[in-house]
Amino acid sequence: MSKVLAAPEGEERSLDMSYTAPLSTLEIHLDAVARNYLFLQRKMKLGTDCAAVVKADAYGLGATDVSQALFTQNCRHFFVATFEEGAIVRKALLPQGAAAIYVLHGPNGAAPEDFVAEALIPVLNTLPDVEYWARFSSKSGQKQQAVLHLDTGMNRLGMTAKEVADLNSDKDLLRSLNIRYIMSHLACADDPLHPKNHIQLQLFEEMTATMGVAARYSLANSGGILLGEDYHFDLARPGCGLYGINPHPASPNPMQGAITFKCRILQVNDIDHEGTVGYGASYKISPPARYATLSLGYADGYFRSFDNHGTVVIGQEKCKVVGRISMNCIVVDVTALKIPPHPGDWAEIIGPHQTADDLAKQAGTIGYEILTTLGKGHKRIYTGA
Ligand SMILES: *Cc1c(COP(=O)(O)O)cnc(C)c1O
């Protein structure tokens, strides 16, 4: 191919190592996760415990390593979505008495005896959940632990005021259980100005007051912690902030980025003729141009909605995606780079120069979805343990 731009120095790859190194790496900075945990903990009023939400494999970062790193920071409460996730975290946090693990989707997906065998505590989301767990509790001969979930406005999971009234009319139900916490979840904690925050807070206080049981309470997620002390109660449940996602997106991010996600350049093309890039011929080349093809695609968690506008960082500079996202490839425009890249060089997708939240904005989603979709195919490197 004719060289229409300054030729990359050295036609050949200088080191065979660029062939044998992995094609993509996901570095997880456990020290940053720990610092984020301590930051959120310092925001909380005295006496509030700080849990960690490690559902969905700790938002894609790896539940085992993240849970162990947070345990080292004296975190003793962990939330997962399912029994399977709970069993994985339990294996990471032995002996069983060392930490409490709560299962947000309730006593589903496994026998109650299995929950007890793994020392997993279900969050009871419905009245039938409570009745089911109370029956098991009575049969088992000792009060089984549980968390009660009240719905204060999400209309997703949890018991409504009507169900709480039914629950109140049968005091034996709760008496047969060891209720660790009564919790609810905020719908708009990412927006400190949203009136729904205070409405949910008030409803939570009203609903729990009618219950007349001595209990400990939990309301705040990451965003809720930053809403102030009224929202803290006895246990806070941060997730996103631990992993570097901004809990209040309209304000500067107080959290530290917890991952560096990189992939490698497979090919560099100098193009001196007109044409198009990728499937659907959606990008028209204006020659002369230089493009780099990266080992990254929608199967690796890089959404199709990045087509023709996502950015990656090569040699400290941002380069734009041209054309559509393929299953395992993207093409980026490197024409303007002062130092032309070579096959085998790295491109930063998430890291010091652009955050998961930045990417989310480009793709029309949220940082949570970016992190949880990254995929398992990347070489994982845990640092700062
Ligand atoms: C996911 C989840 C959290 C954590 O929320 P973040 O916004 O990630 O901090 C807390 N509580 C419940 C019930 C959740 O489902």
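No value in this document is a laboratory result; all are computed from the given coordinates. Just so it is clear, the structure is predicted and the values come from calculations on it, not from any experiment. Methodologically, a virtual Cβ is constructed for each residue, glycine included, from the backbone with ideal geometry; neighbour enumeration extends over all protein chains shown.
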Anchor K139: lysines whose Cα lies under 18 Å away (excluding residues fewer than 8 positions away in-chain) | K171
Per DSSP, loop trypsin sites (Lys or Arg not before Pro) in segment 132-181 with at most 15 further Cβ within 10 Å = K143, R156
Only helical DSSP H runs with n ≥ 4 go in: add -39500 (n - 2.57) per run for the chain, normalise by residue count and round the 222 nm mean residue ellipticity to 500 deg cm²/dmol.
-> -8000 deg cm²/dmol
Length-normalised contact order of the chain in % [C-alpha pairs under 8 Å, at least 6 apart] | 20 percent
Rounded to whole Å, √(5λ) for the Cα gyration tensor eigenvalues of segment 251-338, largest first, gives 24, 15, 12
So which residue, out of V213, V334, V123, gets the largest mean-square fluctuation from a GNM of the chain using Cα contacts under 10 Å as springs?
-> V213
Using 1/(1 + (r/R0)^6) with R0 = 45 angstrom and r between the beta carbons of A81 and D272, what's the FRET efficiency to the nearest 0.05?
-> 0.30
Using all C-alpha to C-alpha distances in segment 282-385, build P(r) with 10 Å bins and read off the rounded percent in each one.
-> 15, 48, 31, 6, 0
Label point distance in nm, A98-R135, each placed 7 Å from Cα along Cα→Cβ | 3.6 nm
Between exposed GluC sites (Glu not before Pro) in the chain, where DSSP calls loop and at most 12 other Cβ atoms lie within 10 Å, what's the longest gap?
-> 13-273
Expressed in whole Å with the largest first, what are the equivalent ellipsoid semi-axes of the chain derived from the C-alpha gyration tensor as the square root of 5 times each eigenvalue?
-> 48, 21, 18
Taking a threshold of 32 Å on the Cα-Cα distance, which of the pairs K91/K318; K55/K284; K196/K376; K196/K361; K43/K320; K284/K379 fall above it?
-> K91/K318; K55/K284; K196/K376; K43/K320; K284/K379
Between the modelled labels at E229 and E317 (7 Å from Cα along Cα→Cβ) the distance in nm is 5.3 nm
Once you have a ≥ b ≥ c as the square roots of the Cα gyration tensor eigenvalues for segment 53-180, tell me rounded if a/c is under 1.5, and otherwise prolate or oblate according to whether a/b is larger than b/c.
-> prolate
Contour excess over end-to-end distance, with Cα ends at Y279 and L193 and 0.36 nm allotted per residue = 26.6 nm
Mind jotting down a quarter of the surface of the convex hull over the alpha carbons of segment 210-294, in square nanometres, one decimal?
-> 11.0 nm²
For Y19 and A336, extending 7 Å from Cα along the Cα-Cβ vector and measuring point to point gives, in nm, a value of 3.5 nm
